[in-house]
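Student: Sharing a structure with you now.
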Amino acid sequence: MNLDLRKAILHNVSGNTPEQLEDTIVDAIQSGEEKMLPGLGVLFEVIWKNASEKEKQMMLDTLSAGLK
């Protein structure tokens, strides 16, 4: 069985409204389930690929501050 997890995740959220995407993210974080981590990773990849250099730096600063 050849499953492309990235494509499956993108297919599942494609066309979602911003509110639906927020619900998905909040639910994944609040559930604390390990199985949700790949989905969050794919969503972060989409954000990263579509962010400007300034936005990327803001994300890195936020992440760095949150890890202190």
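Student: Restricting attention to the stretch 29-41, which residues are part of a helix (DSSP H, G or I) and either touching a residue at least 24 places away in the same chain (Cβ under 8 Å) or exposed (fewer than 14 other Cβ atoms within 10 Å of the Cβ) (or both)?
Tutor: Within the stretch 29-41, Ile29, Gln30, Ser31, Glu34, Lys35, Leu37, Pro38, Gly39, Gly41 meet the criteria.
Student: While we're looking at this one, here's another question. Inspect all residues belonging to the stretch 42-61 and state whether any of them is out of contact with any Cys (no Cβ under 9 Å at 6 or more places or on another chain), of a type in the set (Ser, Thr, Tyr) and surrounded by 12 or more Cβ atoms within 10 Å (Cβ to Cβ).
Tutor: No, the conditions are met nowhere in the stretch 42-61.
Student: Criterion first (surrounded by 11 or more Cβ atoms within 10 Å (Cβ to Cβ), on the phi < 0 side of the Ramachandran plot, touching a residue at least 24 places away in the same chain (Cβ under 8 Å) and in a helix (DSSP H, G or I)) does Leu21 satisfy it?
Tutor: no
Every number in this text was worked out from the coordinates using simple rules, so none of it is lab data. The structure displayed is predicted, hence computed values, not measured ones. Note that each Cβ is placed from the backbone with ideal geometry, even for glycine, and that neighbours are counted across all protein chains shown.
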